[in-house]
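Chemist: Below is the structure I would like to discuss, written out as structure tokens.
The values are calculated or read from the model by the stated rules, or taken from the named source; none is laboratory data. Just so you know, these numbers come straight off a predicted model, no measurement behind them. Virtual Cβ from ideal backbone geometry, glycine too; neighbours counted across all protein chains shown.
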Amino acid sequence: MKKFIRRLIISVGFLLLIPFHAWAIENINMEIQRDNAFLIVKARIIPSQEFIEDFKNGLSKNIFILIELYRSWSIIPDEFISGVQIQRVLISDPIKDEFIVKTLQGETLTEKRFKNWQEALDWALKIEPVKIVNINNVERGKYYIKITVESNIKRLPSMLEHILFFIPTYEKKITKESENFRLP
């Protein structure tokens, strides 16, 4: 038992000495459009150079995207109206020269294969037009869109996750809010 505890302490100490790098995403460009009946959001995630190099060299990435519509209030906290979650898994296999991007949006799973890492990144980091809410079903007021992008790191084993609760579970998390706009 003493050997186990000693090994656990050494392992935890080793994990604490390893520097954690926050190489992931740098910025989000968003565009909001109004269709006849829907509010539509398009976005582009801008990665860091280290993120690109990691993917090119064979490291897989997991990106979680959350697009939310909030109603802005002057005194009380803002009210959540609607949201869309998108998860993208970027799998890199430079030996086979194959790059796979899996997208989970709602209950729809899409998988695309690419021979070029640049095409895979371009497709994975571009958020196609997403319908957020039917404009006719919202009350008159000031609203804004909030996009959160989180680049996840590999998960720790569940036992270590509880012991090392202070280690972040993501590489980088960026949130960007649009200007206020009026609906309908």
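Chemist: Just a yes or no: is a residue in the stretch 72-84 in a loop (DSSP other than H, G, I, E, B), among the polar types (S, T, N, Q) and in contact (Cβ under 8 Å) with a residue 40 or more places away in the chain?
Modeler: For the stretch 72-84, residues in a loop (DSSP other than H, G, I, E, B), among the polar types (S, T, N, Q) and in contact (Cβ under 8 Å) with a residue 40 or more places away in the chain: present.
Chemist: So which of ASN152, ASN137 ends up being modelled with pLDDT under 95 and within 30 Å of ILE75 (Cα to Cα)?
Modeler: Just one listed residue meets the conditions, ASN137.
Chemist: Applying the selection to the stretch 83-103, what residues are closer than 30 Å to GLY141 by Cα and surrounded by fewer than 16 Cβ atoms within 10 Å (Cβ to Cβ)?
Modeler: Residues satisfying the conditions are GLY83, GLN85.
Chemist: Pick out the one residue from ILE32, ILE65, ILE40, ILE52 that is within 12 Å of the chain's Cα centre (by Cα) and either part of a strand (DSSP E or B) or on the phi < 0 side of the Ramachandran plot (or both).
Modeler: When all the criteria are applied, what remains is ILE65.
Chemist: May I ask you to list pairs of residues, at least six apart or on different chains, whose Cβ atoms are under 7 Å apart, with the first in the stretch 43-64 being surrounded by 14 or more Cβ atoms within 10 Å (Cβ to Cβ) and the second being of a type in the set (Lys, Arg) and modelled with pLDDT under 90?
Modeler: If the second residue must be of a type in the set (Lys, Arg) and modelled with pLDDT under 90, the pairs left are PHE55/LYS61.
Chemist: Go through VAL89, VAL84 for me and flag whichever is at pLDDT 95 or above and not small (Gly, Ala, Ser).
Modeler: Answer to the selection: VAL84.
Chemist: Kindly establish whether ASP35 is of a type outside the set (A, V, I, L, M, F, W, C), modelled with pLDDT under 90 and under 24 Å from LYS173 (Cβ atoms).
Modeler: Judged against the criteria, ASP35 is not a match.
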